[in-house]
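Below you'll find the structure, written out as structure tokens, and then a few comments.
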Number of protein chains: 2
Amino acid sequence: MDPGLASTGWGIVEQAGNAVRYLSHGCISTESSSPQGERLFFIHREFGRILEEWKPQQSATETLYFGRNVSSAIPVAEARGIVLLALTQFGIPLLEFRPIAVKQGVVGQTVADKKQVQLMVKVILGLKQIPRPQHAADALALAICAARCPAGADAPA
Amino acid sequence: MDPGLASTGWGIVEQAGNAVRYLSHGCISTESSSPQGERLFFIHREFGRILEEWKPQQSATETLYFGRNVSSAIPVAEARGIVLLALTQFGIPLLEFRPIAVKQGVVGQTVADKKQVQLMVKVILGLKQIPRPQHAADALALAICAARCPAGADAPA
């Protein structure tokens, strides 16, 4: 998944032999006009419902990088905390992938732009279109990485 | 309270007329060697227990500032998300105070160092010593502000 206070993208895939099969994706969106506690509460509840419905054996997220803008990193970190709490409550292990490892895992090379990654997500999962919104496509990219590299996480990068 | 991934300080006071009465304080500490999800899970559980025990009518935290180091802000923000979730789950309103408002509320002036704030926390609450650890003293300072300024939060600064 790709957590954020405004949008938490999620994607579910299944490993079928050497293939990765698409199951579902979506995005938990919250209104910026709502109190912050309510937004976090909503993310926790909705993410819990998704875990309850799909019962994933594994989860994956991107390693938080500190090079980015602090004011944008703070709400991401708050939402990330909520998502990690829910995963722990459901006993689901988490893999973390660096951006370079996601590119390697999905596109097959460490140099790729966001569009290339999204296009490969569509191709790998046999979808008619690039999944929307972008946070959900990013979440599916992470799910593909976890399915392809269930043990090593960041190892290949 | 004063949230953090390693240490979440908390303090409980009671308003008794014009006075502020000390009730309790403490710190939820987690091991840096534990998986992050487990640390957040522990904070959520322990903070929930404190809310369950003391049933506060109001809570207060410091406004997150972005001037600080990002790598130290991230784990604080993750823990803060957990604490805000727990408060919302218990239906407890949150006040946010800027550092300058905490100094004004506790010391009575906007220019004061951490030591002065902690000393005034001790004096106001009639304690024999400055509460330890520092995160708990900071949490009590915020609790004093909330008790003295239950409506306005950041207004006086």
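None of the figures in this text is laboratory data; all of them are computed from the coordinates on show. Quick caveat: nothing in here was measured; it's all calculated off a predicted structure. Glycine gets a Cβ as well: all are built from the backbone with ideal geometry, and neighbour counts include every protein chain shown.
Build a GNM of chain A with springs between Cα atoms under 10 Å apart, and of A:Gly11, A:Gly91, A:Gly48 the one that fluctuates most is A:Gly91. What separates the A:Ser32 label point from its copies, with the point 7 Å along Cα to Cβ, is 3.5 nm, written shortest first. A label point on A:Arg98, set 7 Å along the Cα-to-Cβ line, lies at 3.9 nm from each of its counterparts in the other copies, closest listed first.
Taking amide H as placed 1.01 Å from N in the peptide plane, B:Phe97 has its amide H under 5 Å from the amide H of B:Thr61, B:Glu62, B:Thr63, each at least 5 places away in sequence or on another chain.
Taking max minus min of the alpha-carbon positions on each principal axis, segment A:68-157 gives extents of 32, 31, 26 Å, largest first. Model label points for A:Arg49 and A:Ile92, set 7 angstrom from Cα along the Cα-to-Cβ axis, are 1.5 nm apart. A straight line joining the Cα centroids of segment B:71-112 and segment A:57-89 runs 20 Å. Label-to-label distance, B:Lys114 versus A:Lys128, with points set 7 angstrom from Cα along the beta-carbon direction: 5.9 nm.
Taking the square roots of 5 times each eigenvalue of the Cα gyration tensor of the protein assembly as shown, largest first, gives ellipsoid semi-axes of 42, 18, 17 Å.
Rg(Cα) of segment A:7-148 divided by 2.2 N^0.38 Å?
Computed over Cα atoms of segment A:7-148, the ratio equals 1.03.
Plainly put, the tip 7 Å out from Cα toward Cβ on A:Ser71 is 2.4 nm from that tip on each other copy, the closest given first.
Peptide B:27-40 shows a mean partner chain C-beta count of 3 within 10 Å per residue C-beta. Amide H contacts for B:Ile12 (H built 1.01 Å from N in the peptide plane; partners 5 or more residues away or on another chain; cut-off under 5 Å): B:Leu23, B:Ser24, B:His25. When you restrict to C-alpha pairs under 8 Å that are six or more residues apart and normalise by the size of segment A:7-148, the relative contact order lands at 35 percent. What the pair-distance distribution of segment A:30-103 shows, using all Cα-Cα distances binned every 10 Å from zero, is 17, 44, 34, 5 percent.
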